[in-house]
Amino acid sequence: MLNLSIDNMTVVLINSLKLINKIVVLIIKKINYLINLLSFKINRIEYPIFPKINGRVFIKNKGTMQFGENVVINSDMKSNPIGGDNKTILICTEGAKLIIGNNTGISNSCIYARNEIRIGDNVFIGGGCKIYDTDFHSLDHRKRRLNEAETEVVVKPVNIKDNVFIGAHSIILKGVTIEECSVVGAGSVVTKNIPPNEVWAGNPARFIRKIQII
Ligand SMILES: CC(C)(COP(=O)(O)OP(=O)(O)OC[C@H]1O[C@@H](n2cnc3c(N)ncnc32)[C@H](O)[C@@H]1OP(=O)(O)O)[C@@H](O)C(=O)NCCC(=O)NCCS
């Protein structure tokens, strides 16, 4: 009899904790929404519909950042555990452009534009990816030490076209175009252009096979 009542108390306690947890999660979601909205406004992000953002995205825009409709950004472990040890970071330096198309999803990834990065419609960017249009530093060790040598750094636009799927933890480097409907394998480093409807993978990413749409 006594055992039963202790069991009942435990159940009540667990249910109460579950309820408190639900309320806290809801409050955090509301706070995250407000912080993300504020960040979008402060950074002058252009969007027709505010993206669905899970977690908090870090944004710094000194150029032009445009989002299409129905963009989804995961920036925490809960919404996507893959790459969940990272947050989504979107950066556009002075005069740079970052354009993201409709229905595109980004998970726990870093996109850094010093020149121009275009991402098309229906693109899947897996957890923990990095997309850079710059080498960040000069290859000349003397210039690397000087801040004014930033102008010497190689910068080339990146273009990821419609329906591309980039596997988790991949890195897309400067000057790369990935054509429509192609797939990049997990953990790849893409240094060359990828034609349409092909699977590429590895470091450096190489052609794996054609994608047949039946
Ligand atoms: C690229 C991918 C789609 C290929 O899948 P698949 O068509 O079933 O390919 P297979 O497993 O048959 O592999 C074909 C060849 O590619 C190689 N390969 C596959 N994925 C690779 C990768 N990520 N890196 C390097 N090589 C890879 C295989 O070793 C194999 O090589 P081989 O022919 O010399 O033996 C898959 O491996 C992958 O990386 N998926 C992404 C998963 C992911 O990150 N999801 C997002 C989570 S957020």
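The values are calculated or read from the model by the stated rules, or taken from the named source; none is laboratory data. In this text, all values refer to a predicted model and were calculated from it rather than measured experimentally. Positions of Cβ are generated from backbone atoms using ideal geometry, with glycine treated the same way; all protein chains shown enter the neighbour counts.
Couple of notes before you dig in:
- The residue pairs whose first member lies in segment 202-213 and is modelled with pLDDT of 95 or more, whose second member is in a loop (DSSP other than H, G, I, E, B) and near the ligand (Cβ under 9 Å from one of its atoms), and whose beta carbons are closer than 6 Å, counting only pairs six or more residues apart or on different chains, are Gly202/Ser188; Ala205/Ser188.
- Check on Gly175, under 18 Å from Ala113 (Cα atoms), more than 10 Å from the ligand (Cβ to nearest atom), part of a loop (DSSP other than H, G, I, E, B) and small (Gly, Ala, Ser): yes
- In segment 63-121, the residues that are in a strand (DSSP E or B) and among the basic types (Lys, Arg): Lys97, Arg118
- Only residues that are within 13 Å of the ligand (Cβ to nearest atom) and at negative phi were counted across segment 123-141, and they come to 6.
- Scan of segment 192-214 for residues that are in a loop (DSSP other than H, G, I, E, B), surrounded by 15 or more Cβ atoms within 10 Å (Cβ to Cβ) and more than 10 Å from the ligand (Cβ to nearest atom), ordered by number: Pro196, Asn197
- In segment 157-172, the residues that are within 13 Å of the ligand (Cβ to nearest atom), out of contact with any Phe, Trp or Tyr (no Cβ under 8 Å at 6 or more places or on another chain) and among the aliphatic types (A, V, I, L, M): Ala168
- Test result for Ala186, within 16 Å of the ligand (Cβ to nearest atom), surrounded by fewer than 17 Cβ atoms within 10 Å (Cβ to Cβ) and not in a strand (DSSP E or B): yes
Results for (1) more than 14 Å from Lys174 (Cα to Cα); (2) at pLDDT below 95, shown as yes or no for each residue.
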site	(1), (2)
Phe124	yes, no
Ile131	no, no
Leu139	yes, yes
Asn147	yes, yes
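- Being among the basic types (Lys, Arg), more than 16 Å from the ligand (Cβ to nearest atom), over 28 Å from Arg56 (Cβ atoms) and out of contact with any Leu (no Cβ under 8 Å at 6 or more places or on another chain) is true of Arg144.
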